[in-house]
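Read the structure below first, then the notes.
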Amino acid sequence: MSGLRARVRLRRGSFDLDVDVQVSAGEVLAVLGPNGSGKSTLLGAVAGLLRPDDGLVEVGGRVLTDTARRAHLPPARRGVGLLAQDPLLFPHLTALANVAFGPRATGSGRRRATELAHRWLAEVGAAEFARRKPAALSGGQAQRVALARALAAGPGLLLLDEPFAALDVDAAPALRGVLRRVLAAAGQTALLVTHDPLDALALADRVVVLGAGRVVEEGPTREVLSRPRTAFTASIAGLNLVEGTATPEGLRTPDGTRIAAASTPGRGRAVAVFRPADVALYLDPGHGSPRNVLPAEVTALEPHGDTVRVKVTGAHPWLRGLAADLTPAAVADLALEPGTPVHLAVKAAAVGVHPAQPPAGTAAPQ
């Protein structure tokens with residue numbers, strides 16, 4: 001098994017990527033971040049498609065890029081596999097021949113390459129498609145073949161670039177399950193770039209969140225997604241987040257509003273996080289005993305599984321975009337619609353306060 005070390009500094013126009021990430025042997029690291037944060041740039045540098053201005057990329061101790069030594073192996077010689085949105089299968093070859101291409105390209109004989117192709121097609125549940133050409137495969141079937149091809153070459157590192165983004169809602173969960181099983185069974189080191197928290201939760205041991213070319217959050221996947229420190233991470237995790245300063249009672253927002261919480265990290269920049277399911281909406285403020293009750297206005301109602309996600313805004317800028325998950329019956333009883341004035345309530349016990357991301361322009365501890 002091979003680990004990855006990638007220290008990359010790369011400037012393109014006004015964008016500057018400066019990150020240092022490590023992936024242990026057999027580990028899957030997910031890279032999240034908003035558009036323009038540097039995810040694709042990092043992947044391109046590791047794959048050898050982009051040359052860093054300064055940096056080092058190693059897989060299993062093997063140097064792929066070292067700007068100090070002017071070393072830069074081309075993509076074909078890196079021993080790195082890629083599974084992207086597009087399967088990129090050779091249209092004139094059968095699925096079997098497509099998968100056998102990788103081992104052949106790395107020096108295996110025809111018989112050995114064919115054996116490996118049959119093995120990996122079976123591993124990903126695509127053995128029955130061996131004689132088909134790509135035009136005869138569905139999107140999910142083609143992506144399974146592409147996964148088999150990527151793994152058949154025995155890569156030291158597998159790069160996963162939004163591998164489920166182009167699949168329909170039925171094919172994506174099935175392939176996600178296949179990939180989770182295969183990666184675990186093979187002990188395959190992988191770097192996953194995705195915008196979907198389900199991908200990270202299902203596949204990744206750890207997650208790195210990029211923002212403006214810097215690492216702003218890092219840690220075990222479930223910990224990062226349950227205790228986000230940035231608005232982006234909170235949004236993909238489906239949580240409400242309010243920035244401010246920690247106090248003994250909870251959080252004080254920039255406009256002076258105090259949000260009560262069960263516990264706080266002490267002092268300093270912090271964020272309050274709470275689930276939309278823990279937010280109640282009332283037409284008047286005199287209900288129950290929540291310590292946090294604020295006037296707001298409904299801005300949108302969106303179907304969200306078995307509930308309705310109600311977005312709000314208000315006089316306090318930080319209220320904009322906060323959400324409550326209500327049952328359809330509750331929405332009907334309250335006659336909610338965009339423009340309806342409400343009171344947002346959340347109990348202190350449902351609010352978690354923890355340290356915020358580092359100040360802009362600095363990286364989180366590695």
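The values are calculated or read from the model by the stated rules, or taken from the named source; none is laboratory data. Note that this is a predicted model, so its numbers are computed, not measured. Glycine also receives a Cβ, built like all others from the backbone with ideal geometry; neighbour counts cover every protein chain displayed. Surface accessibility is based on the protein's heavy atoms, side chains included, excluding ligands, DNA and RNA. Shrake-Rupley method; radii C 1.70, N 1.55, O 1.52, S 1.80 Å.
For this structure, a couple of remarks:
- Failed item, numbered, when residue 52 is tested on (1) open to solvent by 30 Å² or more (accessible area, probe 1.4 Å); (2) touching a residue at least 12 places away in the same chain (Cβ under 8 Å); (3) under 29 Å from residue 19 (Cα atoms); (4) not aliphatic (A, V, I, L, M): (1)
- The residues on offer are 24, 14, and the sole one that is within 19 Å of the chain's Cα centre (by Cα) and open to solvent by 10 Å² or more (accessible area, probe 1.4 Å) is 24.
- Extreme residue, modelled with the highest pLDDT, among residues of the stretch 331-349 that are assigned to a helix (DSSP H, G or I) and open to solvent by less than 30 Å² (accessible area, probe 1.4 Å): 331
- Some residue of the stretch 117-124 being loosely packed, with under 14 Cβ neighbours inside 10 Å, part of a helix (DSSP H, G or I) and of a type in the set (Asp, Glu): no
- Hey, residue 180 in contact (Cβ under 8 Å) with a residue 12 or more places away in the chain, assigned to a helix (DSSP H, G or I), more than 18 Å from residue 4 (Cβ to Cβ) and out of contact with any Cys (no Cβ under 7 Å at 6 or more places or on another chain) or not: yes
- Scanning the stretch 270-282 turns up no residue that is free of Cβ contacts under 8 Å to residues at least 60 places away in the same chain, over 22 Å from residue 341 (Cβ atoms) and assigned to a loop (DSSP other than H, G, I, E, B).
- Scanning the stretch 28-49 for residues that are over 16 Å from residue 210 (Cα atoms) and over 15 Å from the mean Cα position of the chain (by Cα), we see that the one that is surrounded by the fewest Cβ atoms within 10 Å (Cβ to Cβ) is 49.
- Per the listing 298, 271, the residue uniquely of a type in the set (A, V, I, L, M, F, W, C) and over 23 Å from residue 228 (Cα atoms) is 298.
- Pair list, Cβ < 9 Å and 6+ apart or interchain, from the stretch 308-325 residues that are outside the structural domain of residue 343 (by the TED database) and in a strand (DSSP E or B) to residues that are open to solvent by less than 30 Å² (accessible area, probe 1.4 Å) and small (Gly, Ala, Ser): none
- Scanning the stretch 93-116 for residues that are in a helix (DSSP H, G or I) and not aliphatic (A, V, I, L, M) gives 98, 101, 102, 103, 104, 110, 111, 112, 114, 115.
- Annotation for the stretch 158-176: at least one member residue is in contact with a helix residue (DSSP H, G or I) (Cβ under 6 Å, 6 or more places away or on another chain), closer than 28 Å to residue 31 by Cα and of a type in the set (Gly, Ala, Ser).
- None of 158, 88, 137 is within 29 Å of the chain's Cα centre (by Cα) and open to solvent by less than 10 Å² (accessible area, probe 1.4 Å) except 158.
- Count - residues of the stretch 154-163 that are touching a strand residue (DSSP E or B) at 6+ places or on another chain (Cβ under 7 Å) and either assigned to a loop (DSSP other than H, G, I, E, B) or among the β-branched types (Val, Ile, Thr) (or both): 4
- Filtered residue count, the stretch 219-243, keeping only those that are touching a Pro at 6+ places or on another chain (Cβ under 8 Å) and at negative phi: 10
- Answer residue from the stretch 62-76, given it is free of Cβ contacts under 8 Å to residues at least 24 places away in the same chain and not aliphatic (A, V, I, L, M) and is surrounded by the most Cβ atoms within 10 Å (Cβ to Cβ) among those: 65
- The single residue among 166, 172 that is within 18 Å of the chain's Cα centre (by Cα), in a loop (DSSP other than H, G, I, E, B) and surrounded by fewer than 22 Cβ atoms within 10 Å (Cβ to Cβ) turns out to be 166.
- One residue from 17, 82 being assigned to a strand (DSSP E or B), under 26 Å from residue 115 (Cα atoms) and in contact (Cβ under 8 Å) with a residue 60 or more places away in the chain: 82
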